[in-house]
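The values are calculated or read from the model by the stated rules, or taken from the named source; none is laboratory data. Note that the structure is predicted; figures quoted are calculated from it, not measured. Positions of Cβ are generated from backbone atoms using ideal geometry, with glycine treated the same way; all protein chains shown enter the neighbour counts. To get the accessible areas, we keep the full protein, side chains included, count just its heavy atoms, and leave off ligands, DNA and RNA. Shrake-Rupley method; radii C 1.70, N 1.55, O 1.52, S 1.80 Å.
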Amino acid sequence: MTEVKREVFGQMPQEEGGGVVEKFVLKSDSVKVEILSLGCIIAALEMKGRDGEFSDVVLGFDTLEGYTRKHPFFGTIVGRVANRIAKGRFTVDGKEYQLFLNNGPNSLHGGARGFDKVLWSPRVLQNGICFFRLSPDGEEGYPGDLKVWVTYTLSGGELAINYRAQTSKTTPINLTNHAYFNLAGQGSPDIYDHEISIEADSYLPVDDTKIPTGEVASVLGTSFDLRQPVELGKHLEKFRLDGFDHNFCLQQAQARHLAASPTSPMPYSDRVRNTTTPHGSCSTPLKERGC
């Protein structure tokens, strides 16, 4: 059974539009997750270890002030479009649209004021919370009124996120959650001892501004071959990499199946897995804790 609580988390500054930010706490016997009405942010995700104690495995802030300052999208819902749009331009039905440029020559994660920086309207469910917002026609340069629902549900040890959108005009839409995980728990210095695997036979090479070149390349014999688990720190050192900021082409199947698996030698490692269903994927940025 899932317990759902709500409380006030803080007050948005007037220059950010004001309004009360609420925090919703979903709790089962093995998982506790805190979600904010600001940006649908996962502020904490506590999991029960083998010692019976809970430990937080995602990066976040204890106060609203941390989220109102610039940060790397900790735990947020990003949109309308996650990732980069080259030169902030796209064409739909013969009309070209220009977006705000906030990542060098490109538009990133919805622009200057994307879905991560706005208050959403919450509705409490029996085992979760559903957030709604209307992104008006022209917001950040995108066409059409866009209604968006993001639903978090907790069932036992599984936290699920469901995205639904309805638009009045043809528009790009690509929603994801941007949580940063350290499966060793609160206070652990980094994730270099984590093992990761991704069920992808190919990936998309990028240019100097992280835009895909158009090539779909095989992972075979490259640093992107993560089909067998690798220890992250040793793998990055072997290939002299700072990290990954690429699209992996997941294997498609009709049934739900494993897409990616991060594990840690610490007690919480066997409790987090990423799965994909047809026409969908789970994107989990892996970064150092405290970055």
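Over the C-alpha trace of the range 127-196, radius of gyration and Dmax come out as 17.1, 47 angstrom.
Hydrodynamic radius of the range 95-157 by the Kirkwood approach over all distinct alpha-carbon pairs: 13.6 Å. Each residue of the range 89-210 gets 194 Å³ once the volume of the Cα convex hull is shared out per residue.
Semi-axes of the equivalent ellipsoid of the range 148-247 are 28, 23, 13 Å, computed as sqrt(5λ) over the eigenvalues of the C-alpha gyration tensor in descending order. Put simply, the Cα atoms of the range 37-146 extend 59, 33, 26 Å along their principal axes, the longest span coming first.
Based on every Cα atom in the chain, Rg and the maximum pairwise Cα distance Dmax equal 19.2, 60 Å. Each peptide in 204-216, 155-167, 132-144 gets a packing score, the mean of other Cβ atoms within 10 Å over its residues, and the list from highest to lowest is 132-144, 155-167, 204-216.
Could you provide, to the nearest whole Å², the per residue accessible area of the chain with probe 1.4 Å?
51
Given the options LYS23, LYS234, LYS87, which has the most mean-square fluctuation in a GNM of the chain, springs set between C-alpha atoms less than 10 angstrom apart? Largest GNM mean-square fluctuation: LYS234.
In loop segments of the range 42-84 as defined by DSSP, the GluC sites (Glu not before Pro) with at most 16 further C-beta atoms inside 10 Å of their C-beta are GLU53.
Leaving ligands, DNA and RNA out of it, report the carbon-plus-sulfur percent of the accessible area of the range 127-231 at a 1.4 Å probe. Walk me through the numbers before you get to the answer.
Values: 2360 of 4850 Å².
C and S atoms contribute 49 percent here.
A simple charge model with +1 on the Cβ of Lys and Arg, -1 on the Cβ of Asp and Glu and nothing else charged puts the dipole of the chain at about 600 debye relative to its Cα centre.
The protection proxy used here, the mean number of other Cβ atoms lying within 10 Å of each residue, ranks peptides 171-177, 241-247 as follows, highest first: 171-177, 241-247.
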